[in-house]
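Peer 1: Encoded as structure tokens, here's the structure I'll be asking about.
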Amino acid sequence: GLGFNIVGGTDQQYISNDSSIYVSWIKKDGAAYLDGRLQEGDKILAVNGRDLKDLRHKDAVELFQNAGYDVSLKIQRRLQPQNGPVSHRGDGESGGLPLAAILVPGLALAVAAVWIVLRYRQRM
């Protein structure tokens, strides 16, 4: 095999309202890993010149399985993190959580703390 898994397709959208095919996992020591150019999270636009737009997942898998020995992929790098199981592998991004994921819960805790203090003072 090519040494990676894919997600997506018209019948199994990985990202809401997007039927594109994405790399979900790269097998360590597999062909894609050893080549080093493909990254988890990349959108695969074409295989050997064949456009992957509007394909069912199983049809995309079949294209990869029948791609042959020399495989040419047209990809689009993932520009920003999305929700989902895809991880990053040393691609220069800082990773971590989006700022809102820290601020929103922090703000909620602060509001709860102020509410508790005000209720406590009213009882005294």
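Peer 1: (1) surrounded by fewer than 10 Cβ atoms within 10 Å (Cβ to Cβ); (2) at pLDDT below 85; (3) farther than 16 Å from Val7 by Cβ: which one isn't true of Pro85, the others all being true?
Peer 2: Every listed condition holds for Pro85 apart from (3).
Peer 1: Give me a count of the residues in region 1-37 that are acidic (Asp, Glu) and assigned to a loop (DSSP other than H, G, I, E, B).
Peer 2: The number of residues fulfilling the criteria is 2.
Peer 1: What tally of residues in region 28-73 results from selecting those that are surrounded by 14 or more Cβ atoms within 10 Å (Cβ to Cβ) and among the small types (Gly, Ala, Ser)?
Peer 2: The qualifying residues number 7.
The values are calculated or read from the model by the stated rules, or taken from the named source; none is laboratory data. Bear in mind that the values here come from a model prediction, so they are computed numbers and not experimental data. Please note: Cβ atoms are built from the backbone with ideal geometry, for glycine as well, and neighbour counts cover all protein chains shown.
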